[in-house]
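Just so it is clear, none of the values below were taken in a lab; they were calculated from the coordinates. Fair warning: this is a prediction, and the values are worked out from it, not measured in the lab. Note that we place each Cβ from the backbone using ideal geometry, even for glycine, and neighbour counts take in every protein chain shown.
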C-alpha cells in the first residue's frame, strides 16, 4: 500500500468532492495546490485548513488551456514535491440531445473532458520526475452507463474513461512510476445538478426542479465518503475506483446487460426516487 505524502494539485477544489479531498489530503499531511474558478471558495477553504499544511490557491478556468498551464507552473514552483494530480472539475447540462445546441455541448466538453486532458498534459512532465506519483481523473458512473438526457455529459465522461485507461496502459508499458486511477462516482451529495445549465431548448422549469429533486433523493454518498474512497484507491493503486453502492450496482448490471441495461435500471431508479 502506498502512503499519501508530498503535495496534491486539485481542480474543482472549492466545493463537493474536490473540497472534501483537500481536507482529507490535509489530514494526512499533504500540501495542497487548490484550483477553481471560485476564488472566494478557495480562500475560505484555505482559511479552514489554516496552517496545518502548506496551501496555495489558484483561480483557474479549466476550459482555458493557458490557465491550466499557468496553474501547473505555479503549483510546481510552490510545491516542488508535488506528486498527486486530481482532475476533478466538472459541470452538468440538463436536456436531451435535441434540446442542447453545439455551443453548449462544446462548453461541457471543454471542462469535463479537455480540462482533464490539458491538466494531465501540463503536470505529467513534472510527475515523471518524482519517485512515485499518481494521477486521478474523475469520470462518473455515466462514463460506464449512458442514461437518456445525458448525451453531452455521458459522452465526455466516457471520453475521460477511454483517455485515462489508454494512458494508464501506456504508463504501465513504459514501467513509469506515475500511476493512474479513473474514478466513477455514483450519486454524490453535491450541488452539481443544482448548479447545472439547461439546454437552450429546455423551457420547462418544473422539469429542472424535478431533476434536482430526483438527484438529491438518490445521492446518498457524502463528499467526505467519496474522498476517503478515492484516497484508499490511490493507496492501493486501483485502476478503477467505483464510489457508492449505486455505482457498483450499475457497473455490474452493465456487465451482464451491456446493451439492454436501461429498462431494468430505470425501474430501480424510479423505486429509489419513491424511497422504496
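Once you have the alpha carbon radius of gyration of the range 113-237, what is it after dividing by 2.2 N^0.38 Å, with N set to its residue count?
Normalised by 2.2 N^0.38 Å, the Cα Rg of the range 113-237 equals 1.22.
Round to the nearest 10 and give me the degree value, 0 to 90, for the angle of helix 114-127's Cα axis relative to the longest principal axis of the chain.
20
Which shape class, rounded, prolate or oblate, goes with the range 16-144 when its Cα gyration tensor gives a ≥ b ≥ c as root eigenvalues, a/c under 1.5 marks rounded, and past that a/b bigger than b/c marks prolate?
Judged from the Cα gyration tensor, the range 16-144 comes out prolate (a/c at least 1.5, a/b above b/c).
Mind checking the full-extension length gain between residue 263 and residue 70? Use 0.36 nm per residue of separation minus the Cα-Cα distance, one decimal, nm. Provide the component values of the computation, followed by the final result.
Numbers: separation 193, 0.36 × 193 = 69.48 nm, distance 4.56 nm.
Result: 64.9 nm gained on full extension.
Which whole-number percent is the relative contact order of the chain (Cα, under 8 Å, 6+ apart)?
Across the chain, relative contact order equals 20 percent.
Roughly how far apart, in whole Å, are the Cα centres of the range 171-195 and the range 12-37?
The distance from the Cα centre of the range 171-195 to that of the range 12-37 comes to 14 Å.
Would you please state which residues of the range 171-195 a label at residue 245 would reach in this model, taking the label point 7 Å out along Cα→Cβ and a backbone N cut-off of under 20 Å?
The answer is 184-190, whose backbone nitrogens lie closer than 20 Å to the label point.
Based on DSSP, what percent of beta bridges with both residues in the chain are antiparallel, to the nearest 5?
0
If the chain between residue 212 and residue 271 were fully stretched, how many nm would it gain, using 0.36 nm times the residue separation less the Cα-Cα distance?
Taking 0.36 nm per residue and subtracting the Cα distance, the gain is 19.6 nm.
How many Å³ per residue does the convex hull of the Cα positions in the chain occupy?
It comes to 129 Å³ per residue, whole-number rounded.
What angle, in degrees between 0 and 90 and rounded to the nearest 10, separates the Cα long axis of helix 223-235 from the longest principal axis of the Cα atoms of the chain?
Long axis of 223-235 versus the principal axis of the chain: about 50 degrees.
Between 156, 174, 46, which gets the highest mean-square fluctuation from a Gaussian network model of the chain, Cα cutoff 10 Å?
174
Over the range 46-134, calculate the relative contact order: mean separation of alpha carbon pairs under 8 Å at least 6 apart, over the residue count, as a percent.
Averaging sequence separation for qualifying contacts and normalising by length gives 38 percent for the range 46-134.
For helix 245-256, report the angle its Cα long axis makes with the longest principal axis of the Cα atoms of the chain; keep it between 0 and 90° and round to the nearest 10°.
Once rounded, the angle reads 70 degrees.
Roughly how many nanometres apart are two label points built 7 Å out from the Cα toward the Cβ at residue 96 and residue 47?
A separation of 4.7 nm, rounded to one decimal place.
In percent, how large is the relative contact order of the range 1-57, given Cα pairs closer than 8 Å and 6 or more residues apart?
Across the range 1-57, relative contact order equals 35 percent.
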